Amino acid sequence: MKIDLTDTKSSKINKALVQGRRAIGTPAVGMVLTLVIVTDEENQYDALRAADEASREHPSRKLVVVKRVSRSARDRSKARLDAEVRVGADAGTGETIVLRLYGDVVDHAQSVVLPLLLPDAPVVVWWPANAPANPAKDALGRLAQRRVTDTHAAENPTEELTVRADAYTPGDTDLAWTRITPWRSMLAAALDQVDCAVTSVEVEGEQHNPSCELLAMWLANRLNVPVKRAVSAGPGLTAVRMQTDCGPVNLHRADGSLATLSVEGQPDRAVALKRRETSELIAEELRRLDPDDIYASALRFGVDRLGDSAAPSAAASGGGGTATATATKNATGKASSS
C-alpha cells in the first residue's frame, strides 16, 4: 500500500502510517531499528531496494531522505516536504517513508526525521554516496548509534580513506570495509593452519578500490610486517600473497567468484569468495551496533604507510618485519570475528 502526501509535515506522515497499518490489518509494530538513508534521486532506487532486501533479516522503518535541489532562486526559497508512505508488500519487511525535501527544509532534515524515528529503537544512518566529511557531526549523523558510508562511491577513494581516518568516531563504519569480511575470515583460517612467521604481504586488486587498501592496512597493522599494494585488472580484490618462513600462503581470485587457496605443503583448495550485493553488506552491518575497533585500528594505520614505507614502521615497533605464529593467529582470529 502506498500513500502520497504533498506539502506535508511529520505529524501527517505519522497519521498516514497508522492509517496504512490499519488498512492492511497489521496494527502491531514489530521493527527492531530505524534505518535512515540519505541519498539523491540518482541513487535512491538502488539504495532502497538494497535496504528492502536487508529488512528480511532486520525488520525496520526505513526513512529515505532525498534532498532536492531547486533550479530557480524562487523555488529554493520555498520550503516544502513531500512524502511517500509504503506499508505491507510495498515496503519489504517493515515500513518505508520516502521524504523529498525542497528549499530551506533541506538544511533542517533532522527536524523532519526526528518525529518519525521508532521509539526506544536504535538508529542507523547510511549514506550510499556523497557522505559528509565527518558523519558524527552531521545533523542526521548525531541521531544515530551507527553511521555507514561507502568510500567506493567517492571520486578519489584513496584520499577519502584519509578523510575517514581523520574524522573517525566510534560508531562509524564503511561498506568498503564490510566487503572484505570474507577475505579476512579466509586469511585468518589459512594462517591458523600453519605454525610459521609471516615476513611480508602483497595485496593485489583493481585501482581505485578502497577495499584493497583497507585489507592491506589491516594486514600491516595486525601482522606488523611490510605490505605492498599491487594493481590488477580486477574485478575488485584479486589476490593476497603472504611470504612466511615456511613458504608462501596465497589466496587468488581471478573471476570475482571462486578463489584458490595455496598453502606450502598442502594441495590447492577452491573456496567460494563471491562478490556480495549491497543488500548483503547492509544486512551484515545491521547485525552489530557497537563500535568496530578493528576497523578503526586498520583505518588509522594510514594509506601512506603501505608499500616500502611500511617496513621501517614495522621495525621501529619492535616487530623486526616478522610476526610470530602465535601473534599472527591471535591478530587475524580477533579481526575475523568483526
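The values are calculated or read from the model by the stated rules, or taken from the named source; none is laboratory data. This is a predicted model, so every value here is computed, not measured. Every residue, glycine as well, gets a Cβ built from its backbone with ideal geometry; the counts of neighbours run over all protein chains shown. Just the protein is used for accessible areas: all its heavy atoms, side chains included, with ligands, DNA and RNA removed. Shrake-Rupley method; radii C 1.70, N 1.55, O 1.52, S 1.80 Å.
Might you check whether a residue that is surrounded by fewer than 23 Cβ atoms within 10 Å (Cβ to Cβ) and under 30 Å from ASP82 (Cβ atoms) occurs anywhere in region 158-168? No, every residue in region 158-168 fails to be surrounded by fewer than 23 Cβ atoms within 10 Å (Cβ to Cβ) and under 30 Å from ASP82 (Cβ atoms). Among the residues of region 238-260, is any over 20 Å from PRO157 (Cβ atoms), part of a helix (DSSP H, G or I) and touching a helix residue (DSSP H, G or I) at 6+ places or on another chain (Cβ under 6 Å)? No, the conditions are met nowhere in region 238-260.
In region 167-198, the residue that is nearest to the chain's Cα centre (by Cα) out of those that are more than 14 Å from LEU286 (Cα to Cα) and small (Gly, Ala, Ser) is ALA176. Being over 23 Å from the mean Cα position of the chain (by Cα) and either surrounded by fewer than 19 Cβ atoms within 10 Å (Cβ to Cβ) or under 27 Å from ARG164 (Cα atoms) (or both), is that true of even one residue in region 270-287? Yes - at least one qualifying residue is present in region 270-287.
Within the set THR173, THR158, the sole residue that is outside any strand (DSSP E or B), in contact with a helix residue (DSSP H, G or I) (Cβ under 8 Å, 6 or more places away or on another chain) and either of a type outside the set (D, E, K, R) or not assigned by TED's automatic domain parsing to the domain that holds VAL64 (or both) turns out to be THR158. Looking across LEU214, LEU223, LEU219, one residue alone is buried (at least 24 other Cβ atoms within 10 Å of the Cβ) and within 15 Å of the chain's Cα centre (by Cα). It is LEU214. Test ASP120 against the stated conditions and say whether it is outside the structural domain of LYS12 (by TED's automatic domain parsing) and open to solvent by 70 Å² or more (accessible area, probe 1.4 Å). So ASP120 does not fit the description; no. Filtered by the rule that a residue be at pLDDT 90 or above and loosely packed, with under 14 Cβ neighbours inside 10 Å, region 243-266 gives PRO248, LEU258. Scanning region 226-235 for residues that are open to solvent by less than 20 Å² (accessible area, probe 1.4 Å) and in contact with a helix residue (DSSP H, G or I) (Cβ under 7 Å, 6 or more places away or on another chain) yields a single hit, VAL227. Summed over region 117-128, residues that are within 16 Å of THR173 (Cβ to Cβ) and not in a strand (DSSP E or B) total 3.
Among what's in region 176-195 and is open to solvent by 10 Å² or more (accessible area, probe 1.4 Å) and in contact with a strand residue (DSSP E or B) (Cβ under 7 Å, 6 or more places away or on another chain), pick the residue that is nearest to ARG147 (Cα to Cα). In this case the residue turns out to be MET186.
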